[in-house]
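Visitor: The structure is given below, and queries will be raised subsequently.
The values are calculated or read from the model by the stated rules, or taken from the named source; none is laboratory data. The structure presented is a predicted model; accordingly, all values stated were derived computationally and were not measured. Ideal geometry is used to build each Cβ from the backbone, glycine not excepted, and the neighbour counts take in all protein chains shown.
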Amino acid sequence: MGIPANLVPVLTIPVCGGSHFLGKKDIFSPRCQRFAEEMDVKETVSRYLDEVKKNGAESKLRAILSCSAKKDVIKWTDEKGNDLMHLCILQNSPETVEFLLSNGYFVEPHQPEVNPYIHLAAKLGFRTILNILLSFRLSDNRPMNNLIYPSQKSESDVSQQNKASPLDIAAKSGHTKCVYLILTQCVIKEHPERAKSGYVALATLANSKDAVKVLLKDNPTKEDIREAIDIAVHFAQPECLDILLSTGIDTKSIFNGVNFYHTLFSFSSVQSFGKEGYARLPKVTEVLLKHRHDVKKREPTNTYPLYSLIKNSLCLDNYTWTQYYLECVQLLLKAGANPNFDEAKYEKQRLKTGAKSIVGRNAYSSAIHCLLDTVESYAETLDSKALAAKFVIECADLLCHNNANINQIGHITRKNSTMGTVLHQFAKTSVQIGVDLDILKFLLRQGANADVCVDGKYVLNIFIDELFEKLKETSPHLKQKDRMPDVKRMLEILNHMPRCAISDTLRILKNDHARNPPPQTKIYVGVISKELEYHIKHIKPLRKLVAQAVWVFCHRKANNVHSLPTTAKLKTEILPIS
């Protein structure tokens, strides 16, 4: 059943014991199609491959293929799962591969059940075929499954790889030229702004640790490695970062001297970071710890790692992502980060010497001050106040279990130098997000002291000041949001203060707000004053006074109360906000 050389193209097909002569015009005729459907596609493939080995002309190849329906040729596989395209790749015949693709065979969206074509070419190191496949099937350049590759020595020798990209496969197989090709053809095309980047940086951009390993053996420039480290941090790529840092290159100039933690956590708040990035944050943090990056780095100011982490850790879209940040908080604390570092005080000292702070976030007096301010900064976009409260309690619990000072005094406002404890910060934050009794209960049970007066203000005074400022922003002629529920919840704190402190709170309120209050605040001044006067005039029952005394004796710590040799009922009475 040969192809006569004097016919272009001519095919003789046996028909009912005789033969039918087909000229060029008859190849795609309905009659030929009927015979093509009946003809064994296996025979078509076999003849096609024989012609490929003979370097047959395209006209002959086209004639052979026409003897079977295109869909049947594409669908056919041998006993190993290889189709015609696989077999042409295995024969390292780039002309045939291009011929098939150019004529509509094995083009997208078709996918073989095993061995994606680009992955196979990358495994075998057939650079020319790889280039052709990338031109026709660029979307195959991604991690894929079902990768079972015949080796170059024997088709029976197979290796299994799961979820691997062509770049990874080429690198693992040691085909550096294929690695360069994929980086040039695919990565630069996807990131044209990186057209002048080095190959190590491009491999890192593709998040291919195997390619990074191979390329580092080619003695890349230090600038290339530093750019790659920059990329690995910005895109949270732990494996690439670990390999790059293991080179021992000097990293002080990267990020202009700013610590890697600050850069990593700050960039994580950018929308393009992606959910995969959040999941990798703990791993990247572990890599930085492994390579001894200092968790107590204070220079430049406003970059203290723990506070930069907390400041970016509330994910409004998905609370699962927030859990990755909390895992990082635990890692930093375990590595020695100080939750009581007064960054605001340190910044003040450094500014006097002419040092400059990093623009982008405020300085904080403690980790819990930072935590509460973070929630406040998200107040306008919070869909769930309950979610915010959950975040505060979970994070604060981590901090308190690592020696956070719940009564540390520090800056609580940005616009002036108002000072206060964590409870004062809570009062300020509550004006923006609402008073949450679960947070208040947590802080009190961790030892927060409601009796403390800082710069002439008790906790309730700070709340009143901030609330009234907020209320006065709205014209008295417009309807105000009812803040009475928040006021009544905040007044719960009076049950945990001595009469002398309550009396002082009332005196400060009258001095600051009781004389000619504006219409927006007048009703609140009356309600708060009345409640304060009630607590001053009415002595608490002896049982409550004793419970309060025991609470102070236990250093306002819930764990100390739980260890008392008494009943659960009495413990409940001692603990604030049952």
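Visitor: Can you name the residue in region 215-242 that is β-branched (Val, Ile, Thr) and crowded, with 21+ Cβ neighbours inside 10 Å and, of all such residues, is farthest from Leu183 (Cα to Cα)?
Guide: Among residues in region 215-242 that are β-branched (Val, Ile, Thr) and crowded, with 21+ Cβ neighbours inside 10 Å, the one farthest from Leu183 (Cα to Cα) is Val233.
Visitor: Additional query: Which condition number in (1) surrounded by 14 or more Cβ atoms within 10 Å (Cβ to Cβ); (2) touching a residue at least 12 places away in the same chain (Cβ under 8 Å) is the one that Val546 fails?
Guide: Condition (2) is where Val546 drops out.
Visitor: Here's a follow-up. Condition (residue is farther than 17 Å from Phe391 by Cβ and either touching a Ser or Thr at 6+ places or on another chain (Cβ under 8 Å) or polar (S, T, N, Q) (or both)) applied to region 308-318: is it met by at least one residue?
Guide: no
Visitor: Restricting attention to region 69-104, which residues are surrounded by 19 or more Cβ atoms within 10 Å (Cβ to Cβ) and among the hydroxyl-bearing types (Ser, Thr, Tyr)?
Guide: Ser93, Thr96, listed by residue number.
Visitor: Further question on the same structure: Hey, which of the helices (runs of 4 or more DSSP H) in region 411-487, taking only ones fully inside, have at least 3 residues that are among the acidic types (Asp, Glu)?
Guide: 459-471
Visitor: Being more than 27 Å from Glu394 (Cβ to Cβ) and of a type outside the set (A, V, I, L, M, F, W, C) is the filter here; which residues of region 347-370 pass it?
Guide: Glu347, Lys348, Gln349, Arg350, Lys352, Thr353, Gly354, Lys356, Ser357
Visitor: Given the residues Ser253, Ser246, which is the only one that is surrounded by fewer than 19 Cβ atoms within 10 Å (Cβ to Cβ), more than 28 Å from Tyr346 (Cβ to Cβ) and over 12 Å from the mean Cα position of the chain (by Cα)?
Guide: Ser246
Visitor: Only one of (1) farther than 20 Å from Gly434 by Cα; (2) surrounded by fewer than 12 Cβ atoms within 10 Å (Cβ to Cβ) fails for Asp482. Which number is that?
Guide: Only one criterion is unmet by Asp482, namely (1).
Visitor: Answer with yes or no whether Gly360 is assigned to a loop (DSSP other than H, G, I, E, B) and either over 20 Å from the mean Cα position of the chain (by Cα) or modelled with pLDDT of 90 or more (or both).
Guide: no
Visitor: Given the structure, is Val487 hydrophobic (A, V, I, L, M, F, W, C), touching a residue at least 40 places away in the same chain (Cβ under 8 Å) and over 25 Å from Gln520 (Cβ atoms)?
Guide: no
Visitor: Based on what the data block shows, is Ser308 out of contact with any Gly (no Cβ under 8 Å at 6 or more places or on another chain) and over 27 Å from Arg280 (Cα atoms)?
Guide: No: the conditions fail for Ser308.
Visitor: Considering (1) surrounded by 16 or more Cβ atoms within 10 Å (Cβ to Cβ); (2) under 23 Å from Lys510 (Cβ atoms); (3) of a type in the set (Gly, Ala, Ser), say which one Ala448 fails and leave the rest.
Guide: If we test Ala448 against (1) surrounded by 16 or more Cβ atoms within 10 Å (Cβ to Cβ); (2) under 23 Å from Lys510 (Cβ atoms); (3) of a type in the set (Gly, Ala, Ser), just (2) comes out false.
Visitor: If you don't mind, another one. Look through region 398-418, keep the residues that are free of Cβ contacts under 8 Å to residues at least 40 places away in the same chain and more than 29 Å from the chain's Cα centre (by Cα), and return whichever of them is surrounded by the fewest Cβ atoms within 10 Å (Cβ to Cβ).
Guide: Lys415
Visitor: Restricting attention to region 525-546, which residues are modelled with pLDDT of 95 or more and touching a helix residue (DSSP H, G or I) at 6+ places or on another chain (Cβ under 8 Å)?
Guide: Listed by number, the residues that qualify are Val525, Val527, Ile528, Ser529, Glu531, Leu532, Glu533, His535, Ile536.
Visitor: Give the residues of region 161-173 that are farther than 12 Å from Met144 by Cα and either under 26 Å from the mean Cα position of the chain (by Cα) or modelled with pLDDT under 95 (or both), sorted by residue number.
Guide: Answer for region 161-173, where residues must be farther than 12 Å from Met144 by Cα and either under 26 Å from the mean Cα position of the chain (by Cα) or modelled with pLDDT under 95 (or both): Lys172, Ser173.
Visitor: Follow-up. So which of Ser272, Ser268 ends up being of a type in the set (Gly, Ala, Ser) and out of contact with any helix residue (DSSP H, G or I) (no Cβ under 9 Å at 6 or more places or on another chain)?
Guide: Exactly one of Ser272, Ser268 is of a type in the set (Gly, Ala, Ser) and out of contact with any helix residue (DSSP H, G or I) (no Cβ under 9 Å at 6 or more places or on another chain), namely Ser272.
Visitor: Any residue in region 565-575 that is part of a helix (DSSP H, G or I), within 49 Å of the chain's Cα centre (by Cα) and touching a residue at least 60 places away in the same chain (Cβ under 8 Å)?
Guide: No, region 565-575 contains no residue that is part of a helix (DSSP H, G or I), within 49 Å of the chain's Cα centre (by Cα) and touching a residue at least 60 places away in the same chain (Cβ under 8 Å).
Visitor: For Ser156, indicate whether it is in a helix (DSSP H, G or I), surrounded by fewer than 19 Cβ atoms within 10 Å (Cβ to Cβ) and at pLDDT below 95.
Guide: No.
Visitor: How about region 451-473: which of its residues are closer than 19 Å to Ile577 by Cα and surrounded by fewer than 23 Cβ atoms within 10 Å (Cβ to Cβ)?
Guide: Asp451, Val452
Visitor: Also, I was wondering about something else. Which condition breaks for Asp83 when tested against (1) within 19 Å of Lys42 (Cα to Cα); (2) acidic (Asp, Glu); (3) modelled with pLDDT of 90 or more; (4) within 39 Å of the chain's Cα centre (by Cα)?
Guide: Against the list (1) within 19 Å of Lys42 (Cα to Cα); (2) acidic (Asp, Glu); (3) modelled with pLDDT of 90 or more; (4) within 39 Å of the chain's Cα centre (by Cα), Asp83 comes up short only on (4).
Visitor: While we're looking at this one, here's another question. Scan region 358-379 and report the pairs whose first residue is closer than 14 Å to Arg298 by Cβ and surrounded by 24 or more Cβ atoms within 10 Å (Cβ to Cβ) and whose second residue is modelled with pLDDT of 95 or more and among the aromatic types (Phe, Trp, Tyr), with Cβ atoms within less than 6 Å and a gap of 6+ or a chain change.
Guide: Hits for this filter: Tyr364/Tyr307.
Visitor: Can you confirm whether Phe267 is over 30 Å from His175 (Cβ atoms), at pLDDT below 95 and in contact with a His (Cβ under 6 Å, 6 or more places away or on another chain)?
Guide: Judged against the criteria, Phe267 is a match.
Residues are listed down the side, and each one gets a yes or a no for (1) farther than 27 Å from Cys400 by Cα; (2) surrounded by 14 or more Cβ atoms within 10 Å (Cβ to Cβ); (3) charged (D, E, K, R):
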position: Asp486; (1), (2), (3): no, yes, yes
position: Ala501; (1), (2), (3): no, yes, no
position: Lys530; (1), (2), (3): yes, no, yes
position: Ile574; (1), (2), (3): no, yes, no
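Visitor: Among the residues of region 97-125, how many are within 36 Å of the chain's Cα centre (by Cα) and either outside any loop (DSSP other than H, G, I, E, B) or over 15 Å from Asp140 (Cβ atoms) (or both)?
Guide: 9
Visitor: What's the total number of residues in region 278-304 that are more than 17 Å from the chain's Cα centre (by Cα) and assigned to a helix (DSSP H, G or I)?
Guide: Residues flagged as more than 17 Å from the chain's Cα centre (by Cα) and assigned to a helix (DSSP H, G or I) within region 278-304 amount to 2.
Visitor: So, one more: Among helices (runs of 4 or more DSSP H) lying entirely in region 163-234, which contain 1 or more residues that are closer than 27 Å to Leu264 by Cα and of a type in the set (S, T, N, Q)?
Guide: 199-205
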